[in-house]
Structure formats: C-alpha cells, structure tokens
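Here the structure is laid out as structure tokens; the discussion comes afterwards.
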Amino acid sequence: MTGACRLGVEKERLGDDGVAWFELACPRSQEGGPNVAHGGWTASVMDECLGHLPLLNRVLSVTAELTVSFVKPVPVERPVEVRAWVERREGSRWYIAGEMTLLPGHAVLARASGIWVTRDRGHFERHETWLAGQ
Ligand SMILES: CC(C)(COP(=O)(O)OP(=O)(O)OC[C@H]1O[C@@H](n2cnc3c(N)ncnc32)[C@H](O)[C@@H]1OP(=O)(O)O)[C@@H](O)C(=O)NCCC(=O)NCCSC(=O)Cc1ccccc1
C-alpha cells in the first residue's frame, strides 16, 4: 500500500516477473476537461509509477527523460491500472516503459517510456550545495 498519495495511487505491487503494478483513480481535483484528467496528472502518474520500479528494487534514481503518449482521455474517479517494466539497463541508466489501462477491460489510455539514472545518497546534499551558489 502507498498510503494517501496525492496523485490517487492506491495500491502497488512488484510481481515475481519484475513487472510493477499500480491501481489508482484520477481525483476530481485533477480534472482537466469535463470528467477527464488533466494531461499533467497522467504524466505525473507515469513518472511516479515507472520511477517506483528502481525503488521497489531498492535503488535510488531520478527521472532523466520521460515520454508520454496520451492514447485516450482518462476518466476521473474510475479505476485504472498502471504496469511498469524495465526494458534494459546500461551503466547507471534504467530504461523503463509502462502503460495505463482502464479497468476492467484494460483499454489502453496512455503509454510512457523514460530513462532513470541511479544516484547515491549524496545526490540531494550536492543539489543543496549547488543551489546555495545560484
Ligand atoms: C541525475 C541527472 C539526471 C544527471 O546528472 P549528471 O550529473 O548529468 O549525471 P552523470 O554525469 O553522473 O551521468 C549519469 C548517467 O546518466 C546519463 N544521463 C545524464 N542525463 C541524461 C539524460 N537527460 N538522458 C539520458 N541519460 C542521461 C549519463 O549519460 C550517464 O550515463 P552512464 O552512467 O555513463 O551510463 C541530473 O541531470 C538531474 O539530477 N536531473 C534532475 C532529475 C530530477 O529532478 N528528476 C525529477 C525528480 S525524480 C522523480 O520524480 C522520479 C521518481 C519518481 C517516483 C519515485 C522516485 C523517483
């Protein structure tokens, strides 16, 4: 369980096959058109879910690139599923892809792919040092 996620993610699980699975619904507050999600919500959810895959493997990473295809409008307050999987790893880069489908029929609503770069625990401290010089 992920607790009270502001994006609406309610459940999360890593399968034995390495595929991460999430169940969620777009909150009414994220509406971008009549009864449908704002695209920024969809992109954020894909970042959140795909980015959780390294975390579920106990690896700290940050998003370096993210591409989202908006296939269909996402209805608000309707259960949707996101699946995420690792396509390949090269050096410190994780190439991760995923898709969002509408439950219960699994019509595809969005697809995403991106690159996550692993970081050590000093990442945020180094950022604070950099920020102080700006
Ligand atoms: C860290 C980095 C992405 C790269 O820093 P640098 O100093 O340049 O890195 P460095 O030189 O050490 O290279 C390392 C490796 O990376 C590669 N590479 C580098 N750039 C790119 C690229 N654009 N695209 C592709 N690859 C790139 C580079 O070739 C090298 O590869 P190698 O090791 O030779 O195979 C920096 O630009 C940054 O912090 N950006 C902001 C990130 C941020 O704030 N994200 C949003 C918040 S996080 C979030 O929300 C996710 C989340 C969700 C849910 C739960 C948890 C997490």
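So that you can scan it fast, the table gives a plain yes or no per residue for (1) touching a Leu at 6+ places or on another chain (Cβ under 8 Å); (2) within 20 Å of GLU10 (Cα to Cα):
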{"position": "THR42", "(1), (2)": "yes, yes"}
{"position": "MET46", "(1), (2)": "yes, yes"}
{"position": "HIS52", "(1), (2)": "no, yes"}
{"position": "ALA64", "(1), (2)": "no, no"}
{"position": "PRO75", "(1), (2)": "yes, yes"}
{"position": "GLY91", "(1), (2)": "no, no"}
{"position": "ILE96", "(1), (2)": "yes, no"}
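The set of residues in the stretch 8-52 that are away from the ligand (no atom under 16 Å from the Cβ), basic (Lys, Arg) and assigned to a strand (DSSP E or B) is empty. Taken as a whole, the structure places VAL80 among residues that are surrounded by 15 or more Cβ atoms within 10 Å (Cβ to Cβ) and either acidic (Asp, Glu) or out of contact with any Phe, Trp or Tyr (no Cβ under 6 Å at 6 or more places or on another chain) (or both). When the residues of the stretch 61-72 are filtered to those that are more than 8 Å from the ligand (Cβ to nearest atom) and of a type in the set (A, V, I, L, M), the one that is farthest from TRP94 (Cα to Cα) is VAL71.
None of the figures in this text is laboratory data; all of them are computed from the coordinates on show. This one's a predicted model, so the numbers in the text were calculated from it and none came from an experiment. We place every Cβ from the backbone using ideal geometry, glycine too, and count neighbours over all the protein chains shown.
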